[in-house]
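I have placed the structure first, in the form of structure tokens, so that the comments after it can refer back to it.
The values are calculated or read from the model by the stated rules, or taken from the named source; none is laboratory data. All values reported here derive from a predicted model rather than from experimental measurement. The area values use the complete protein model at the heavy-atom level, side chains included, leaving out ligands, DNA and RNA. Shrake-Rupley method; radii C 1.70, N 1.55, O 1.52, S 1.80 Å.
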Amino acid sequence: MTHVTASAPGKIILFGEHAVVYGEPALAVPVTDLSARVTIRSGPVQRGIWFEALDLNKSFSAQDEPDSPLATMARITLNYLRHSQPDVMIIIESSIPVAGGLGSGAAVSAALGRALAKWYRQPIDDRDLSGLVYEVEKLHHGTPSGIDNTVICYSRPVWYKRGTEPELLRVREPFQLIIADTGVASTTKAMVSSVRDRWASQPDRFNTIFGSIGEIVQSARAAIENGDTAQLGPLMNDNHRLLEEMGVSSPELEILVAAARRAGAFGAKLSGGGGGGNMIALAAADTTDRVLGAVRGAGAVRVIQSTVHSTGA
Ligand code: PMV
């Protein structure tokens with residue numbers, strides 16, 4: 001075989017981030033305008049796996065950096081496929097911004113797992129792939145809920161609750177999301193651990209917040225399945241207020257959220273770990289341009305529009 005290629009989309013969390021780590025459900029959708037792509041070609045004999053991460057301008061052998069996320073994913077996948085290390089060149093390209101809550105790490109792992117399975121012509125289903133990606137997420141992000149690997153490997157909008165099978169969401173009326181980046185890099189691991197510290201010192205208060213978020217997620221699911229898109233706006237605002245109370249918003253996120261609402265969005269909220277990264281807004285078709293202009297004017301460094309429908313976003 002001369003080469004194989006596989007890809008995986010980015011993702012965005014619609015509702016329920018952070019509370020999902022504590023057992024509440026959450027909703028996430030793939031962002032197919034962004035993707036990670038992995039190509040595998042034969043490499044020099046006995047050199048093992050050689051990675052070329054094009055966007056990072058970095059190349060290295062799996063042997064020299066065995067604990068890197070890429071080498072770890074390759075090892076775990078080869079173990080699953082029951083193959084020893086091949087002599088290959090693995091090229092990684094990604095249009096997903098790093099550390100912005102868009103799932104760049106999980107998407108690269110998913111594309112790599114799929115590409116290796118293709119290389120050996122062994123099928124791997126979404127569920128098993130998601131399990132392998134989760135192992136890498138655990139090593140590098142501490143205590144992930146599992147939502148990122150799930151939505152990225154299934155490449156469908158999902159309702160996710162720890163410890164249960166993910167459910168694919170039926171999106172009755174497709175809707176458009178505006179995803180705006182504060183430009184402030186923030187690591188999910190640090191944000192999750194800051195919430196854990198606050199939860200440990202005020203468990204009752206935080207458990208109440210998590211429970212309220214869980215109720216918002218249930219209502220949002222019903223609104224999506226019934227095609228009541230406008231109803232999602234107030235739910236986004238409520239979810240954002242609870243995330244702010246949790247201490248995971250930031251001045252930059254507040255500015256973008258306020259700008260989107262002032263411009264007439266149905267609702268807006270931070271998305272993902274918080275502390276920076278992205279916010280999302282939902283607007284009617286005739287106000288979308290105004291909201292786009294408003295978040296750009298308020299300092300967003302990148303704005304993406306993404307349509308959410310049952311087969312992806
Ligand atoms: O920052 P993101 O989009 O990767 O989202 C993390 C979501 C959290 O709920 C904060 C953590 C998790 O593991 O679910």
Could you do me a favour and compute the accessible area per residue for the range 174-240, 1.4 Å probe, result in Å²? 44
For the chain, what does the helix formula give at 222 nm: sum of -39500 (n - 2.57) over DSSP H segments with n ≥ 4, over the residue count, nearest 500 deg cm²/dmol? -13500 deg cm²/dmol
Using a 1.4 Å probe on the protein heavy atoms, what percent of the accessible area of the chain belongs to carbon and sulfur? 49
Of Leu112, Leu70, Leu270, which is the most mobile in a GNM of the chain whose springs link Cα atoms less than 10 angstrom apart? Leu70
Using each residue's phi in the range 299-305, evaluate 6.51 cos²θ - 1.76 cosθ + 1.60 at θ = phi - 60° and report the 3J(HN,Hα) Karplus result to the nearest Hz, with x for Gly and Pro. x, 4, 8, 8, 10, 10, 10
Enter the angle in degrees (range 0 to 90, nearest 10) between the Cα long axis of helix 69-81 and the first principal axis of the Cα atoms of the chain, meaning the one along which they spread out most. 70
DSSP beta bridges in the chain: the antiparallel percent, rounded to 5, is 90
Cα centroid of the range 183-197 to Cα centroid of the range 1-63, whole Å: 21
Send over the semi-axes of the chain's equivalent ellipsoid, whole angstrom and largest first, taken as the square roots of 5 times the C-alpha gyration tensor eigenvalues. 34, 20, 18
Helix axis angle, 104-119 relative to the chain longest principal axis, alpha carbon, degrees: 40
Hey, what's the range 1-156 come to in accessible area per residue, 1.4 Å probe, Å²? 41
